[in-house]
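Student: Below you'll find the structure I mean.
The values are calculated or read from the model by the stated rules, or taken from the named source; none is laboratory data. Predicted model, so just to flag it, every value in this text is computed and none were measured. As a convention, Cβ positions derive from the backbone with ideal geometry for all residues, glycine included, and neighbour counts pool all protein chains shown. Accessible surface is based on the protein model in full, side chains and every heavy atom, while ligands, DNA and RNA are left aside. Shrake-Rupley method; radii C 1.70, N 1.55, O 1.52, S 1.80 Å.
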Amino acid sequence: LLALRFVETSGGVRKEHQLASSPLVISAIKELELGVGSGATRSVKKAPQVPVSFLLLLEHLVADASSPVFVRMYAWWRLVRIFAAMRFDDHRGLVPSRMSLTHAGLRGVLVRSKTSGRGKKREELQIFVSRQAFLEVSDWLEQGWLLWGRFNAPRDYFVGLPTPTLDGMRYVEARYSDGAAMSR
């Protein structure tokens, strides 16, 4: 900013036309100073984007009655996670008994997550996936909900592990490593 001001003043630019005096330039520099001011910068890690083609495949997989039940259930879960913008670990606080499929869509409550829970600003977070959240298979949300309804034993997590034949779910809470393996 000082160098710009020096060049503009030396070059005879009138005060009202100098960029160094512009509120936009001054505020941009202040914002940069805040970012660099902490001394240590680090890159922001973002979750990898899911290609649209995967969403299409997952929708069709949920609706494919010839596929194993748990594979269809997990495809549904992946779609719900994407449309509700949830992390994998959020399933640990998504209580099935507090979920419902309404005329508008899927509603649920996260009773604990990285951003909610005991002692946090928000004790619970609402999730919602609209029935209009689809690309080709308009009833994937309902079909998957019915599949998950077969496994409604009381639990304080949502995703369990598959049975060896993939025809159902064992009531053992899935860890992150399990989720990564099931996604593969």
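Student: Looking at Ile82, Ile29 in this structure, which one is β-branched (Val, Ile, Thr) and within 27 Å of Tyr157 (Cα to Cα)?
Tutor: Values: Ile29 fails: within 27 Å of Tyr157 (Cα to Cα).
Unique residue meeting the criteria: Ile82.
Student: List pairs: first residue in the range 167-179 and within 29 Å of Ser66 (Cβ to Cβ), second residue among the small types (Gly, Ala, Ser) and loosely packed, with under 13 Cβ neighbours inside 10 Å anywhere in the structure, Cβ distance under 6 angstrom, at least six positions apart or on different chains.
Tutor: Short answer, once both residue conditions are applied: Tyr171/Ala153.
Student: Could you run through the range 142-165 and say how many residues are in contact with a helix residue (DSSP H, G or I) (Cβ under 8 Å, 6 or more places away or on another chain), of a type in the set (A, V, I, L, M) and under 18 Å from His60 (Cα atoms)?
Tutor: So the answer is 1.
Student: Go through the residues of the range 124-143 one by one and say whether even a single one is farther than 17 Å from Met73 by Cα, at pLDDT 90 or above, aromatic (Phe, Trp, Tyr) and open to solvent by 30 Å² or more (accessible area, probe 1.4 Å).
Tutor: Yes: the range 124-143 contains one or more residues that are farther than 17 Å from Met73 by Cα, at pLDDT 90 or above, aromatic (Phe, Trp, Tyr) and open to solvent by 30 Å² or more (accessible area, probe 1.4 Å).
Student: Here's another thing I want to ask about it. Right, Val7: outside any helix (DSSP H, G or I) and either surrounded by fewer than 15 Cβ atoms within 10 Å (Cβ to Cβ) or without any contact (Cβ under 8 Å) to a residue 24 or more places away in the chain (or both) or not?
Tutor: Numbers: outside any helix (DSSP H, G or I): no; either surrounded by fewer than 15 Cβ atoms within 10 Å (Cβ to Cβ) or without any contact (Cβ under 8 Å) to a residue 24 or more places away in the chain (or both): yes.
No: the conditions fail for Val7.
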